[in-house]
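The values are calculated or read from the model by the stated rules, or taken from the named source; none is laboratory data. Predicted, not measured: the structure shown is a model, and the values here were computed from it. All Cβ positions, even for glycine, are placed from backbone atoms using ideal geometry, and neighbour counts span all protein chains on display. Accessible surface areas use protein heavy atoms only, side chains included; no ligands, DNA or RNA. Shrake-Rupley method; radii C 1.70, N 1.55, O 1.52, S 1.80 Å.
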2 protein chains.
Amino acid sequence: MTKRRYYTISELTAEFGITTRTLRFYEDEKLLNPERQARKRLYTPRDRTRLKLILRGKRLGFSLAEVREIIEMYDHAPGERGQLEKLQGRIAERQAELEQKQKDILETLEELNQVNVSVQQRLNELK
Amino acid sequence: MTKRRYYTISELTAEFGITTRTLRFYEDEKLLNPERQARKRLYTPRDRTRLKLILRGKRLGFSLAEVREIIEMYDHAPGERGQLEKLQGRIAERQAELEQKQKDILETLEELNQVNVSVQQRLNELK
DNA sequence: AACAATATTGACGTTTACGTAAAATGCGTA
DNA sequence: TACGCATTTTACGTAAACGTCAATATTGTT
């Protein structure tokens, strides 16, 4: 039998710097499904993993609806040919989006670096 | 070959796939400053450039407030030592954020690729 | 048993980033 | 001159993602 460890709601809020409201909201949105001990929520390692996926998605600017789509790709059902091909299509779309974001990041980093160089020059001149 | 100096509102909405409402909203937010010919807005190349920065920032999940901060870094005033050092600090923060996003993207791309591989395997088995 | 700490369930409130509809204005063309 | 079309201002509406109470319950400690 697999060792089941649980996390309380406050352990997760502490670890990830979020509020209980956020965790309950994600549960309402069916993104998490903690078990219950009486009324208390017990988050499983699976919940914790999904939470990490959610927060990572949010950092990348995805909406919760988009995060849900991405997570559903991870644990999709076997399915038949048509479904599998559609899934590949959606994966390709997301990959394209992410590659666009990569370009956007590189551009922004380069620009910020330029600013930094010119600021540093002025600081040197002030000596 | 005179470079066109102004863009109408509909030219910009067409080019970037946004609505007039969006452009006016960004103007209310002081992110854009089109000139006027009578009542009509005339967007300058500078407005267009800023618009591109805004949209790029949004793709990366930045709020308009954050986009504003980033844009302000680009055209900051000369300033004295203290200001310049604070600016460097904020630049470093944004760079760190962007680097985190890069990691997030790489992870997500890798995971999506794994899904893709397993989907492809099942498709091959269906032959 | 009393109490503090933690958690739970409503439920209304707030911010961000626009959407959308209404009414007025200006401009080129039939 | 009448008309269509783009544009403008004004202003209420909305979806997403939580925030912020308040009232109640549960659990461990004194």
message: If I ask for residues that are of a type in the set (V, I, T) and either in contact with a Gly (Cβ under 9 Å, 6 or more places away or on another chain) or more than 8 Å from DNA strand D (Cβ to nearest atom) (or both), which ones from region A:41-62 would you list?
response: A:T44, A:T49
task: For region B:98-120, indicate whether the set of residues that are under 17 Å from A:Q114 (Cα atoms) and under 25 Å from the mean Cα position of the chain (by Cα) is non-empty.
output: yes
Restricting region B:44-72 to residues that are more than 8 Å from chain A (Cβ to nearest Cβ) and hydrophobic (A, V, I, L, M, F, W, C), the residue that is most open to solvent (accessible area, probe 1.4 Å): B:A65
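Assess whether B:A38 counts as being within 16 Å of DNA strand D (Cβ to nearest atom), open to solvent by 70 Å² or more (accessible area, probe 1.4 Å) and among the hydrophobic types (A, V, I, L, M, F, W, C).
yes
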- request: Give just the number: which of (1) open to solvent by less than 80 Å² (accessible area, probe 1.4 Å); (2) within 9 Å of DNA strand D (Cβ to nearest atom); (3) not aliphatic (A, V, I, L, M) does A:D28 not satisfy?
  value: (1)
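Can you say whether B:L112 is at pLDDT 95 or above, surrounded by 15 or more Cβ atoms within 10 Å (Cβ to Cβ) and at the interface with chain A (Cβ under 9 Å from one of its Cβ atoms), as far as the supplied structure shows?
It is true that B:L112 is at pLDDT 95 or above, surrounded by 15 or more Cβ atoms within 10 Å (Cβ to Cβ) and at the interface with chain A (Cβ under 9 Å from one of its Cβ atoms).
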message: Given the condition open to solvent by less than 30 Å² (accessible area, probe 1.4 Å) and at the interface with chain A (Cβ under 8 Å from one of its Cβ atoms), answer yes or no: does some residue in region B:11-18 qualify?
response: no
Lone qualifier among B:E27, B:E66 - being more than 24 Å from A:V119 (Cβ to Cβ) and at pLDDT 95 or above: B:E27
